[in-house]
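Note sheet for the following structure.
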Amino acid sequence: MNEIADGPKIQVEMFEVQLGAALLLQFQAADGKTVRVLADGGQGPPISDIHRKLIDAVESFGDGQRRIDLLVGTHYDADHLNGLIPIINDPSFAITEAWLPPVANDVEPHAVDEALHDGHFLPHQLYSLDGHRVLARYLDVKAQICQLLQPSHQKRISKASRIESADMDELPKLSDLFLSYRREAMHELSGDLENEEFTHANDNAFDPASIGELLKQGELSSWTPSISRWLCDYRFSRRELSELVVGELGCVRPHSMAAQNLAGIRKSAANDAINAISLAKIVNNLRTRDIPIWCHVITDGTPRRFAWRTESRRFEGGTHLPAQGPSINLLGPSEGLVRKHWNRLPIGVYAEVARSSLMLIKSITPSNQLSYVAHFTAESQGILVTGDAGCVDFRPGRQQPYYEKLLNALSPLHVVQVAHHAGNNAHFYHVLRAAQYPKAEPQSFLLLSHATQDRYRPSREFCQFVEDVRREPEIVSLLFTSQPRVHQIRGLEALVHAPIGRPADRGDVCLEFQDGIWRVTKHAIAVAKVTARVSPASTVGPSTGAVASHRETQRKRALEDPSQGL
């Protein structure tokens, strides 16, 4: 215990994974041992990249043991999950448990008011001995949607081919199949066959609405009474859907609003399948090592607390349970949001809505919206882990205020993983504003992970948010794992933390908390088109003087080179 008492109390590392995320949190617990949480693992290439970095990270902090106390897959996107596979498969890493996204299997028949339990969640179903059959059924349904809703100007498949097997050796071929479906849909939506960045940037925009809501808002031009049978039938019928598409949908003009809406359905179905394949790989490897999994949800509007317990060496649920190390306030996803995606409109109804809508309907891939939102607290410091969270369930309705309990649980915020790679994620920024971020922190760090020179990130919404919350003296610092484009952070250059060591266009980020002070020990990104001087590790503490000193260093550097800006 004495050997690590003088080291950092908390260490936060965000690994450079381009368009993905991987975040390692390490804490000293009350017994002097180390608590480690790994949230996501990127996707490579190479896929072993995070595994290699993780070995160095855990061996350099605390007790140095190769142990992950909590493995979190924030949601089931490949760019967050795939890099976890080499770590799970490494027997030298002990993994206590895994939290996987609470995505309910929406292709199984169920009553709209059926009670939600663990058996409905796709990760638990895939974890079972019958998991490969569950996956085959799931992928088969998504394939039928992609095949039967082909645009009318293309050759429609009258008898859709079946997916009979989803064994592990079949998954690469199935991934290629659904990638081709998604490329075709994206071509209809944007004219860009390979625009993966655009696809990912906009997946989070949709807030599912009922038929009644759409009609009330005047977003449907007409309604076809003959299709009303679909309203209460959540089962998937290949024959009936085929009849609906060929008969009642009729011909859809290429590149029309209706064609784009139908393409959105196909894109969403393809994304569902691609994500389920990534999730299945993770689950299969966890099951092989007999690592238990959990799918957690919160009651709508109410945080769910987990406290670290030294006896069991795990996070245990309990609102009033004393923490013997870090604690977690889980802020999402909510049961209501899980249900909303579980009770999706029957595909026939949704196809008719897509044809009749007066506006573009966003795709309904649930992955991002059902991302975990977790607030970690240790040493009176707050760290927010968000994955690609949408935060759409932080309020009960579109025109209603955010839940006060969730907003209160967001304080303090010393380190924030910016959700969805700083993409089009307006709710997330609205929530932080409503929580009065930054409230009383002397310094707060926003961690951003996106592709180098990303065309869509940081988004306009993110930059507007930073403009709204910055104050004098500067409290917010931006830390990037890769170089942003110049014009996308214009006016915010002074908030970008100076590089530690030699500047580069990509690199990991690391922060350490010790003696009441946060220190940035890794950050490679300099403001674009500026050759920054090499600086030692930067120290930012709770005093106003330390903050002012840090900002003065940034100001002097800008004056030396006017292109950096103030």
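Could you list, in sequence order, all residues of region 107-127 that are in a loop (DSSP other than H, G, I, E, B), surrounded by fewer than 17 Cβ atoms within 10 Å (Cβ to Cβ) and free of Cβ contacts under 8 Å to residues at least 60 places away in the same chain?
A111, D113, E114, A115, H117
List the residue pairs whose Cβ atoms are under 8 Å apart, where the first residue sits in region 128-150 and is in a loop (DSSP other than H, G, I, E, B), the second is open to solvent by 10 Å² or more (accessible area, probe 1.4 Å), and the two are 6 or more positions apart or on different chains.
S128/V134; L149/L262; Q150/R156; Q150/I157
Residues checked against (1) under 24 Å from A419 (Cβ atoms); (2) surrounded by 17 or more Cβ atoms within 10 Å (Cβ to Cβ); (3) in contact (Cβ under 8 Å) with a residue 60 or more places away in the chain; (4) in contact with a strand residue (DSSP E or B) (Cβ under 7 Å, 6 or more places away or on another chain):
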{"residue": "V466", "(1), (2), (3), (4)": "yes, yes, no, yes"}
{"residue": "F480", "(1), (2), (3), (4)": "yes, yes, no, yes"}
{"residue": "G491", "(1), (2), (3), (4)": "yes, no, yes, no"}
{"residue": "K522", "(1), (2), (3), (4)": "yes, yes, yes, yes"}
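Return the pair list, or none, for Cβ contacts closer than 9 Å from residues in region 151-176 that are surrounded by 13 or more Cβ atoms within 10 Å (Cβ to Cβ) to residues that are modelled with pLDDT under 65 and not in a helix (DSSP H, G or I), at least 6 apart or on different chains.
S152/L249; S152/G250; S152/C251; H153/C251
Only one residue in R313, R344 is touching a residue at least 40 places away in the same chain (Cβ under 8 Å), at positive phi and out of contact with any strand residue (DSSP E or B) (no Cβ under 6 Å at 6 or more places or on another chain), so which one is that?
The match here is R313.
Going by the structure shown, is E188 part of a helix (DSSP H, G or I), modelled with pLDDT under 80 and in contact with a Pro (Cβ under 7 Å, 6 or more places away or on another chain)?
So E188 passes the test.
If I filter region 36-50 down to residues being of a type outside the set (A, V, I, L, M, F, W, C) and over 21 Å from E512 (Cα atoms), which single residue comes out as nearest to the chain's Cα centre (by Cα)?
Checked region 36-50; the qualifying residue nearest to the chain's Cα centre (by Cα) is G42.
Please note which helices (runs of 4 or more DSSP H) are completely contained in region 306-417 and include at least 2 residues that are modelled with pLDDT under 95 and open to solvent by 10 Å² or more (accessible area, probe 1.4 Å).
335-342, 347-356
Within region 445-457, which residues are touching a helix residue (DSSP H, G or I) at 6+ places or on another chain (Cβ under 9 Å), surrounded by 14 or more Cβ atoms within 10 Å (Cβ to Cβ) and in contact (Cβ under 8 Å) with a residue 40 or more places away in the chain?
S449, H450, A451, D454, Y456, R457
Which condition from (1) modelled with pLDDT of 50 or more; (2) open to solvent by less than 10 Å² (accessible area, probe 1.4 Å) is the one that W230 breaks?
Only one criterion is unmet by W230, namely (1).
Tell me the residue from T539, T521 that is at pLDDT below 95 and β-branched (V, I, T), please.
The match here is T539.
Kindly provide the set of residues from region 129-143 that are open to solvent by less than 10 Å² (accessible area, probe 1.4 Å) and either within 11 Å of R266 (Cβ to Cβ) or among the β-branched types (V, I, T) (or both), ordered by number.
Of everything in region 129-143, those that are open to solvent by less than 10 Å² (accessible area, probe 1.4 Å) and either within 11 Å of R266 (Cβ to Cβ) or among the β-branched types (V, I, T) (or both) turn out to be V141, K142, A143.
Residue-wise test of (1) on the phi > 0 side of the Ramachandran plot; (2) modelled with pLDDT of 90 or more; (3) touching a Cys at 6+ places or on another chain (Cβ under 9 Å); (4) of a type in the set (D, E, K, R).
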| residue | (1), (2), (3), (4) |
| --- | --- |
| F93 | no, yes, no, no |
| T96 | no, yes, no, no |
| P102 | no, yes, yes, no |
| N105 | no, yes, no, no |
| E114 | no, no, no, yes |
| Q147 | no, no, no, no |
| E170 | no, no, no, yes |
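Suppose we filter region 18-52 for residues that are open to solvent by less than 40 Å² (accessible area, probe 1.4 Å), within 15 Å of I85 (Cα to Cα) and β-branched (V, I, T); how many remain?
Residues flagged as open to solvent by less than 40 Å² (accessible area, probe 1.4 Å), within 15 Å of I85 (Cα to Cα) and β-branched (V, I, T) within region 18-52 amount to 1.
Looking at S48 and the list (1) in contact (Cβ under 8 Å) with a residue 24 or more places away in the chain; (2) within 26 Å of T377 (Cα to Cα), which single condition is not satisfied?
Result: S48 passes all but (2).
Out of region 7-29, which residues are within 19 Å of Q43 (Cα to Cα) and charged (D, E, K, R)?
Selection gives E13, E16.
Looking only at region 53-106, count every residue that is polar (S, T, N, Q) and open to solvent by less than 10 Å² (accessible area, probe 1.4 Å) and tell me the total.
Looking only at that region, the number is 2.
The values are calculated or read from the model by the stated rules, or taken from the named source; none is laboratory data. What you see is a predicted model, and the numbers here were worked out from it, not measured in a lab. Counting neighbours? That spans all protein chains shown, and the Cβs are built from the backbone with ideal geometry, glycine included. Remember, those area values only see protein heavy atoms, side chains included, never the ligands or the DNA or RNA. Shrake-Rupley method; radii C 1.70, N 1.55, O 1.52, S 1.80 Å.
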